[in-house]
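One structure is given below, encoded as structure tokens.
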Amino acid sequence: MFRGFGTLLNVATILVGTGLGVLLGHRLPGRTRDVVTDAIGLVTLLIAAFAAYAVRDPALVGLVGPNAPMLIVLASLVAGGVIGSLLRLELRLEGLGHRLQSRLAGRAASPERRRFVEGFVAASLLFCVGPLTVLGSISDGLGRGSEQLALKATLDGITSVAFAASFGWGVAAAALTVLVVQGGLTVVGALAGTFLSAGQVSALTATGGLLLVGVALRLLRIKQLPVGDLLPALVLAPLFTALVSAWG
């Protein structure tokens, strides 16, 4: 698969899901959606395990030694969580969504236009404001595969069915937002791969794997971890790896 395939797949599932949602309306039982979401959560755990195992990658171990990788991931998550919580990233993202929805929907002149705009904004935020968007896009850009975005694409496709049943074709317009946001993050990942060493990429991958565990726990409705507050760890992991390598 080529870089960017995951984003294109995500766009396709949103469009297909919207079409099905407009046709089927509210006929898809809530229990069915819950079961599918649980299945996606379990597979997310599997992918998270493979990603987290990058902590034992020979490139990372050879760069910082056998004992440092675990400490680097731990320090990245702790420091990233402190930074993210102080910046209130999770709450800010949620607040941004509410403000955009109220402003854009408030400008809609007719009920049909208002419904379209509400569907577009709500779906755009749901599909783009989340840790799996960042993790999957960067992983895809780094050339680590598009499995994470494939999971997200499946989840977004199912969600599109439910959203389109309520908001109509406005949900399909959110595919453009996904294309721009995830495409941009994929480019960031590709650029990062040009100046990060293999060991630094492994540290980032392992840290991202643990964040995926948090995503899985949310999908399985076990615990609503504030994964958004932990996103700074993705920046800190390569940085700490470089510092430990230089210091050692």
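The values are calculated or read from the model by the stated rules, or taken from the named source; none is laboratory data. Given the structure is predicted, the values throughout are model-derived calculations rather than measurements. Because the Cβ atoms are built from the backbone with ideal geometry, glycine has one as well, and the counts that use them run over all protein chains shown. These area figures cover heavy atoms from the full protein model, side chains too; ligands, DNA and RNA do not enter into them. Shrake-Rupley method; radii C 1.70, N 1.55, O 1.52, S 1.80 Å.
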Subject >> Electrostatic dipole magnitude of the chain [Cβ: Lys, Arg +1; Asp, Glu -1; Cα centre; debye, to 20] >> reply: 580
Original post:
Looking only at 29, 238, 69, which one moves most when the chain is put into a Gaussian network model with springs between Cα atoms under 10 Å?
Top reply: 29
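If I stretch the segment between residue 71 and residue 46 completely, what's the gain in nm (0.36 nm per residue apart, minus their alpha carbon distance), one decimal?
Value of the extension gain: 6.7 nm.
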**OP:** Rank 233, 174, 4 by how far each Cα sits towards the positive end of the charge dipole of the chain (+1 on Lys, Arg Cβ; -1 on Asp, Glu Cβ) and give me just the farthest.
**Re:** 174
Original post:
How far is helix 170-195 tilted, in degrees, relative to the longest principal axis of the Cα atoms in the chain, given as a value from 0 to 90 rounded to the nearest 10?
Top reply: 10
Original post:
In the chain, with Lys and Arg counted as +1 and Asp and Glu as -1 at Cβ, which of these residues, 44, 197, 143, has the Cα nearest the positive end of the dipole, that is, farthest along it?
Top reply: 44
Subject >> 0 to 90° range, to nearest 10: angle between helix 30-52 axis and the chain longest Cα axis >> reply: 20
**OP:** Grab the alpha carbons of segment 5-246, take their convex hull, and tell me the volume per residue in Å³.
**Re:** 110
Subject >> Mean residue ellipticity (222 nm) of the chain, computed from DSSP H runs ≥ 4 via -39,500 (n - 2.57), nearest 500 >> reply: -27500 deg cm²/dmol
**OP:** Please calculate how many Å² of accessible area segment 5-246 carries per residue, with a 1.4 Å probe and no DNA, RNA or ligand atoms counted.
**Re:** 48
Subject >> Cα long-axis angle, helix 233-247 against the chain (0 to 90 degrees, to the nearest 10) >> reply: 10
**OP:** Just the number, please: carbon plus sulfur as a percent of the accessible area of the chain, 1.4 Å probe, no ligands or DNA/RNA counted.
**Re:** 70
